[in-house]
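The values are calculated or read from the model by the stated rules, or taken from the named source; none is laboratory data. Predicted model, so just to flag it, every value in this text is computed and none were measured. Every residue, glycine as well, gets a Cβ built from its backbone with ideal geometry; the counts of neighbours run over all protein chains shown. The area values use the complete protein model at the heavy-atom level, side chains included, leaving out ligands, DNA and RNA. Shrake-Rupley method; radii C 1.70, N 1.55, O 1.52, S 1.80 Å.
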Amino acid sequence: MNNNLLPLIDKLTETHSLSLAEYECLITERNDEAAATLAERAVRIRREIYGNSVYIRGLIEVSNICQNNCYYCGIRASNSACERYRLTPDEILSCCEEGYELGFRTFVMQGGENAYFSDSLLCDLLREIKSRYLDCAVTLSLGERSRESYEKLYAAGADRYLLRHETANAEHYAKLHPAELTHENRMRCLRDLREIGYQVGCGFMVGSPYQTNAMLAEDLKFVETFKPDMCGIGPFIPHKDTPFRDHPAGSVELTCYLLSILRLIHPPLLLPSTTALGTLREDGREMGILSGANVVMPNLSPTSVRRKYLLYNNKLSDGSESAQCKANLAARMRAIGYEIVCARGDIKK
Ligand code: SAH
């Protein structure tokens with residue numbers, strides 16, 4: 001192979017670590033051959049740990065009511081064009097029931113940040129879900145909360161928590177969020193979640209406004225040192241009713257390249273091939289799996305609210321992301337040599 005990046009790729013494969021400058025070089029100097037080599041190695045190492053299994057998570061978008069004003073996000077508080085909704089605990093339980101029958105053994109409750117989802121409401125709901133479905137894991141993705149709150153939710157049965165760090169660079173963080181949302185608190189949350197005992201997921205957008213390759217290198221270094229159980233990455237996609245409406249979307253190609261690198265940094269990582277990838281390209285999620293991802297998160301939210309949970313424009317919400325079309329997803333995965341499995345899908349350590 002005529003590839004000047006091969007020594008770096010070899011080093012990454014062997015040591016699961018590079019310096020910041022090396023990560024940046026790997027990104028900046030990338031070419032098709034490097035991408036192919038990284039993907040081949042990522043797929044090989046993933047296969048050694050997880051075989052050809054792809055884990056599925058049933059995503060329940062519990063509410064788009066949010067008090068925060070993240071500049072990139074379509075459900076930000078100041079977006080008056082957003083039609084708001086929230087699911088009741090009974091509606092959420094119905095989603096779980098339907099999901100369980102379809103074979104889902106992880107439910108992810110994601111939503112905007114709002115006092116309605118109080119500790120007591122969530123704890124009651126968690127206890128109910130966990131007592132009905134003994135073989136299921138519950139993941140929460142409900143943003144920043146106090147340590148005390150995270151402790152209560154864990155005690156009530158939550159197993160995992162997804163909280164993307166969004167960017168490891170504090171100055172960049174301040175360009176993506178208003179002043180009341182700090183990088184410091186985001187990191188505090190991630191540390192608390194880890195200490196409490198959750199399986200923790202971090203993650204970032206690829207191609208978010210003002211992002212540089214040096215910043216992406218910092219994101220990779222953060223994953224290398226924090227060693228999360230999960231890491232969600234997807235391309236930034238502009239939403240027309242946000243301050244970032246005029247910024248270009250991130251690329252599928254770079255997202256896939258980074259998925260391969262992440263797999264090599266932390267081989268057992270649970271790495272979703274995200275909806276945002278599937279939104280930018282019809283076969284985006286297959287590309288993610290073929291780059292080293294091993295998780296997909298189809299939507300279990302009621303169809304009536306799906307089009308309202310619009311984090312970005314054109315968000316995929318046709319049959320291909322719906323749980324009801326799980327058979328379709330299974331066929332698509334089979335076509336590229338993978339099997340969707342009915343299991344909690346915990347990280348293999
Ligand atoms: N309030 C929760 C859930 C946020 S939505 C929390 O803070 O964790 C989940 C993720 O969607 C975010 O972490 C963000 O990385 C991603 N997201 C939001 N807007 C986006 C956009 N315009 N393009 C791509 N991803 C976006």
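A compact table of results
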{"read-out": "Residue count for segment 1-18, restricted to those that are in a loop (DSSP other than H, G, I, E, B) and open to solvent by 50 Å² or more (accessible area, probe 1.4 Å)", "value": "4"}
{"read-out": "Subset of segment 64-102 (residues that are over 24 Å from SER208 (Cα atoms) and in contact with a Lys or Arg (Cβ under 7 Å, 6 or more places away or on another chain))", "value": "GLU83, TYR85, LEU102"}
{"read-out": "Unique residue being over 19 Å from TYR161 (Cβ atoms) and touching a Gly at 6+ places or on another chain (Cβ under 9 Å) when the list is LEU311, LEU300, LEU277, LEU270", "value": "LEU277"}
{"read-out": "Members of segment 36-57 that are touching a strand residue (DSSP E or B) at 6+ places or on another chain (Cβ under 7 Å) and either of a type in the set (Asp, Glu) or within 16 Å of the ligand (Cβ to nearest atom) (or both)", "value": "ARG57"}
{"read-out": "Matching entry among TYR71, TYR100 (being among the hydroxyl-bearing types (Ser, Thr, Tyr) and in contact (Cβ under 8 Å) with a residue 60 or more places away in the chain)", "value": "TYR71"}
{"read-out": "Residue within segment 39-53 that is assigned to a loop (DSSP other than H, G, I, E, B), in contact (Cβ under 8 Å) with a residue 24 or more places away in the chain, surrounded by fewer than 22 Cβ atoms within 10 Å (Cβ to Cβ) and among the aromatic types (Phe, Trp, Tyr) present", "value": "no"}
{"read-out": "Pick from segment 58-85, criterion within 30 Å of CYS342 (Cβ to Cβ) and within 13 Å of the ligand (Cβ to nearest atom), ranking: surrounded by the most Cβ atoms within 10 Å (Cβ to Cβ)", "value": "VAL62"}
{"read-out": "Test: residue in segment 246-265 that is open to solvent by 30 Å² or more (accessible area, probe 1.4 Å), part of a helix (DSSP H, G or I) and polar (S, T, N, Q)", "value": "no"}
{"read-out": "Filter result for VAL200 (under 21 Å from LYS348 (Cα atoms), of a type in the set (A, V, I, L, M) and away from the ligand (no atom under 14 Å from the Cβ))", "value": "no"}
{"read-out": "Long-range neighbours under 9 Å by Cβ, at least six apart or interchain, first residue over 13 Å from PHE107 (Cα atoms) and within 16 Å of the ligand (Cβ to nearest atom) within segment 122-143, second open to solvent by 40 Å² or more (accessible area, probe 1.4 Å) and of a type in the set (D, E, K, R)", "value": "LEU122/LYS152"}
{"read-out": "Subset of segment 162-183 that is near the ligand (Cβ under 9 Å from one of its atoms) and not in a loop (DSSP other than H, G, I, E, B) - its residue that is most open to solvent (accessible area, probe 1.4 Å)", "value": "LEU162"}
{"read-out": "Qualifying positions in segment 272-296 - within 15 Å of the ligand (Cβ to nearest atom), in a loop (DSSP other than H, G, I, E, B) and buried (at least 24 other Cβ atoms within 10 Å of the Cβ)", "value": "SER273, THR274"}
{"read-out": "Residue list for segment 194-213, filter: surrounded by 15 or more Cβ atoms within 10 Å (Cβ to Cβ) and in a loop (DSSP other than H, G, I, E, B)", "value": "TYR198, GLY207, SER208, PRO209, GLN211"}
{"read-out": "Segment 184-193: number of residues that are in contact with an Asp or Glu (Cβ under 9 Å, 6 or more places away or on another chain) and either open to solvent by 10 Å² or more (accessible area, probe 1.4 Å) or without any contact (Cβ under 8 Å) to a residue 40 or more places away in the chain (or both)", "value": "4"}
{"read-out": "From ASP219, ASP241, residue being part of a helix (DSSP H, G or I) and modelled with pLDDT of 95 or more", "value": "ASP219"}
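Residue-wise test of (1) in contact with an Asp or Glu (Cβ under 8 Å, 6 or more places away or on another chain); (2) under 27 Å from GLN211 (Cα atoms); (3) of a type in the set (Phe, Trp, Tyr).
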{"position": "VAL108", "(1), (2), (3)": "no, no, no"}
{"position": "GLU113", "(1), (2), (3)": "yes, yes, no"}
{"position": "SER141", "(1), (2), (3)": "no, yes, no"}
{"position": "HIS165", "(1), (2), (3)": "yes, yes, no"}
